[in-house]
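Have a look at the structure below before the remarks.
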Amino acid sequence: QKEVEQNSGPLSVPEGAIASLNCTYSDRGSQSFFWYRQYSGKSPELIMSIYSNGDKEDGRFTAQLNKASQYVSLLIRDSQPSDSATYLCAVTSGTYKYIFGTGTRLKVLA
Amino acid sequence: DVKVTQSSRYLVKRTGEKVFLECVQDMDHENMFWYRQDPGLGLRLIYFSYDVKMKEKGDIPEGYSVSREKKERFSLILESASTNQTSMYLCASSTSRASYGYTFGSGTRLTVV
């Protein structure tokens with residue numbers, strides 16, 4: 001059974017701090033990796049994608065990928081209360097599908 | 001922006017009813033997916049389609065069927081609704097390769113009583 005593991009949280013950080021979210025996956029064949037943000041009662045929204053080892057930055061978000069260790073992480077700099085949400089990690093499985101983690105709930109405290 | 005539209009935001013149905021959930025996307029995406037999302041279980045794939053009239057079972061297809069007669073529309077059918085099918089149902093679409101990411105619809109919260 002291919003799996004994606006995330007700590008469910010909640011992860012609480014003060015406003016302005018760096019939030020670090022982690023994800024491990026079991027399928028060594030996975031090629032593409034994503035982070036989705038999901039606000040309570042809403043659908044997931046794609047915020048970052050990463051395909052090769054290393055870091056990818058987009059504004060306050062940085063995705064990090066280490067295929068050898070099979071983990072993906074998301075750093076959120078200068079965290080804001082509006083970043084409070086559940087963050088879902090997803091990895092590709094085959095040509096068409098993803099496997100999703102169950103998500104980490106982030107709370108940014110004002 | 002890609003839009004994925006689900007026909008109902010909230011739905012209440014009775015046990016044993018046949019239920020249709022509709023999803024339409026407007027960006028000519030080849031792939032469409034139906035997931036359900038439950039607390040503690042995350043997103044679970046029910047069915048997906050990579051072309052018109054093509055469908056494949058996901059991880060939890062039992063009690064569900066799908067229809068894709070046109071590229072833009074993917075329907076999920078609950079043949080005989082049961083209370084354990086009460087859930088949030090999410091439709092998603094993507095281009096021909098999943099590596100470009102999914103776009104999700106706003107979801108349908110289905111309650112079976």
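None of the figures in this text is laboratory data; all of them are computed from the coordinates on show. Everything numeric in this text was worked out from a predicted model, so none of it was measured. Here the Cβ is made from the backbone with ideal geometry for all residues, glycine too, and neighbour counts use every protein chain on show.
Counting only strands (runs of 3 or more DSSP E) wholly contained in the stretch A:60-110, the ones carrying 1 or more residues that are among the charged types (D, E, K, R) occupy A:97-100, A:104-109. Note on the stretch B:33-50: among residues that are surrounded by fewer than 18 Cβ atoms within 10 Å (Cβ to Cβ) and in contact with a strand residue (DSSP E or B) (Cβ under 8 Å, 6 or more places away or on another chain), the one that is farthest from B:Ala92 (Cα to Cα) is B:Asp38. Out of everything in the stretch A:44-62 that is of a type in the set (S, T, N, Q) and away from chain B (no Cβ under 13 Å), what residue ends up being nearest to B:Ser87 (Cα to Cα)? The qualifying residue nearest to B:Ser87 (Cα to Cα) is A:Thr62. Scoring A:Gly41 on the criteria (1) out of contact with any strand residue (DSSP E or B) (no Cβ under 7 Å at 6 or more places or on another chain); (2) away from chain B (no Cβ under 14 Å); (3) closer than 30 Å to B:Ser49 by Cβ; (4) not charged (D, E, K, R) leaves a single failure, condition (2). All conditions but one from (1) closer than 15 Å to A:Val108 by Cβ; (2) of a type outside the set (Val, Ile, Thr); (3) out of contact with any helix residue (DSSP H, G or I) (no Cβ under 9 Å at 6 or more places or on another chain) apply to A:Glu15; the one that does not is (3).
Out of everything in the stretch B:103-113 that is more than 9 Å from every other protein chain (Cβ to nearest Cβ) and surrounded by fewer than 19 Cβ atoms within 10 Å (Cβ to Cβ), what residue ends up being nearest to A:Arg37 (Cα to Cα)?
As a first pass, look at the stretch B:103-113 and keep what is more than 9 Å from every other protein chain (Cβ to nearest Cβ): B:108, B:110-113.
Still in the list and also surrounded by fewer than 19 Cβ atoms within 10 Å (Cβ to Cβ): B:111, B:113.
On the way: B:Thr111: 25, B:Val113: 31 Å.
Filtering first and then ranking leaves B:Thr111.
Scanning the stretch B:33-57 for residues that are out of contact with any Phe, Trp or Tyr (no Cβ under 9 Å at 6 or more places or on another chain) and within 8 Å of chain A (Cβ to nearest Cβ), we see that the one that is farthest from B:Leu78 (Cα to Cα) is B:Gly40. Residues that are among the polar types (S, T, N, Q), free of Cβ contacts under 8 Å to residues at least 24 places away in the same chain and within 12 Å of chain B (Cβ to nearest Cβ) within the stretch A:63-110 comprise just one, A:Thr95. Against the conditions (1) touching a Gly at 6+ places or on another chain (Cβ under 7 Å); (2) under 29 Å from B:Glu30 (Cα atoms); (3) assigned to a loop (DSSP other than H, G, I, E, B), A:Cys23 satisfies every one except (3). Residues in the stretch B:60-102 that are at the interface with chain A (Cβ under 9 Å from one of its Cβ atoms), surrounded by fewer than 17 Cβ atoms within 10 Å (Cβ to Cβ) and either over 16 Å from A:Gly94 (Cβ atoms) or touching a residue at least 12 places away in the same chain (Cβ under 8 Å) (or both): B:Met88, B:Ser96.
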